[in-house]
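Written below as structure tokens is the structure these notes are about.
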Amino acid sequence: MHTIGGVYVNLALYERAEQALETAVAVSTAARGEDHPDVAESLNSLGALYLKQGKYAAADSAWSRALAIRERALPAYDSTIAQSVSNLGALYAMQGRLADAEPLFERSLDIWERVLGEEHPNLAASLNNLAILYRNQGKYVDAERAYRRALAIREKAFGPEHLAITQVLNNLADLYSDQGRYAEAAALFQRSLTIRETALEPDHPDIATGLQNLALLHLRRGAYAQAEPLFRRALAVRETALGPDHPAVATALNNLATLHKEQGQYAAAEPLLRRALAIREQALGPLHPETALSLHNLALVSSEQGRYAEAEPLYSRALAIRETALGGEHPAVAETLLGLADLSVRQESYAAAAPLFQRALAIREAALGTDHPSLVKPLTDYAAVLRALGRRAESARVEARASAIGAAQDPGP
């Protein structure tokens, strides 16, 4: 049943996969006892499936149980314990629980270093996870150091043109993009894409990912003409390789819609977003975080077109899903709160907007720190709301804080 479950996962038949893997856990428990490592292995696969479905509480339960079994049954520095610890760290990071994730990633790295030595390829995965965490915390120097060490390990183990290095290249490029180092980011994304195009068939899904990464960089730079053909090619590759109703196709549709949205082409973006939402609701379910993302984006486009009555329930549904699936303190919850706040401002409902801004800012500060660059725009917008409410002294303080954070991120010559 474990193997059958894996087949269903690969086909994105998640309900059948869940039944098969839950049966595998039950059979293994009955046959070997609840503390056998084989049970942990089945729980590990089941947790990964729950994660794909957006069932984060269930994934936490399965992976925590797997870790507890392995800790009781195996030596303290067994590699499968490192795997379980890393899984939980990735889950907590996805939920925005960065402080909980960091010691888990560090523990996983410590186990791998003790078991395998400091240059084993498996170390690169732990370094990569830790670097992603540092990046999300705004610790860019620490993130770059970890990414570069992971890249050096994989290049030494596999060679500079191996597929195994492409993920780290992409992640390092994302970091550079966050820092505005676009030329360096583009070179790394292009190197990764070239490796994949050389090693894989032209319609392989990983080719689409490489195209998408480059397109997203061009989008961020405002190079829309360069981004569009890459987005369209990525969409075509995914439709050919995976079928028109695969969740990865929804991601490609969402990216193309974002390109149109950034150019003010809301009528062109809307049908793409509606198709992406339909795919995600069908493939992932109506309560999945990716479904919430589609709802949020569709609400934004409706709001930009002045259709406020349509936008509000879309934002509210997205918020409810994110709060349930991710927890009330996740950064994605803040994103939707800011969407609702903007919707209130557009309708001059400043008293309704103010508490939404307050809650969103509190979430971002708790998750990312009080000086993170993502605070600048909502602080500026909140200051405007306070001015509209006649709270000028508060507005001035908030605006000064936004300016200080922005200046610290861009100190100038």
Any chance ALA362 is more than 25 Å from the chain's Cα centre (by Cα) and of a type in the set (Gly, Ala, Ser):
no
Kindly provide the set of residues from region 75-116 that are of a type in the set (Lys, Arg) and within 15 Å of the chain's Cα centre (by Cα), ordered by number.
ARG97
Looking only at region 150-171, filter to residues that are in contact with a Ser or Thr (Cβ under 9 Å, 6 or more places away or on another chain) and without any contact (Cβ under 8 Å) to a residue 40 or more places away in the chain; which one of those is farthest from ILE195 (Cα to Cα)?
ALA150
Considering region 259-316 alone, what residues qualify as being of a type in the set (Gly, Ala, Ser), in a loop (DSSP other than H, G, I, E, B) and closer than 27 Å to LEU214 by Cβ?
GLY264
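So which residues in region 356-373 are in a helix (DSSP H, G or I) and in contact (Cβ under 8 Å) with a residue 12 or more places away in the chain, if there are any at all? Even if it seems obvious, please write down each step before you answer.
Within region 356-373, the first condition is being in a helix (DSSP H, G or I), and the residues that meet it are 356-368, 373.
LEU356, PHE357, GLN358, ARG359, ALA360, LEU361, ILE363, ARG364, ALA366, ALA367, LEU368, PRO373 - these are the residues of region 356-373 that are in a helix (DSSP H, G or I) and in contact (Cβ under 8 Å) with a residue 12 or more places away in the chain.
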Kindly indicate the residue of region 346-374 that is within 20 Å of ALA93 (Cα to Cα) and of a type in the set (A, V, I, L, M) and also surrounded by the most Cβ atoms within 10 Å (Cβ to Cβ) among those meeting that condition.
ALA360
Name the residue, out of ARG317, ARG307, that is basic (Lys, Arg) and within 23 Å of GLN358 (Cβ to Cβ).
ARG317
What helices (runs of 4 or more DSSP H) lie completely within region 68-179 and have 3 or more residues being basic (Lys, Arg)?
140-158
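Residues to consider are LEU337, LEU343; find the one that is in a helix (DSSP H, G or I), touching a residue at least 40 places away in the same chain (Cβ under 8 Å) and surrounded by 20 or more Cβ atoms within 10 Å (Cβ to Cβ).
The conditions single out LEU343.
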Sole residue being hydrophobic (A, V, I, L, M, F, W, C), out of contact with any helix residue (DSSP H, G or I) (no Cβ under 7 Å at 6 or more places or on another chain) and either at pLDDT below 95 or surrounded by fewer than 22 Cβ atoms within 10 Å (Cβ to Cβ) (or both), chosen from ALA332, ALA320:
ALA320
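The values are calculated or read from the model by the stated rules, or taken from the named source; none is laboratory data. On a predicted model such as this, the values are computed, not experimentally measured, just so you know. FYI the Cβ positions are ideal-geometry reconstructions off the backbone, even for glycines, and counts take in every protein chain you see.
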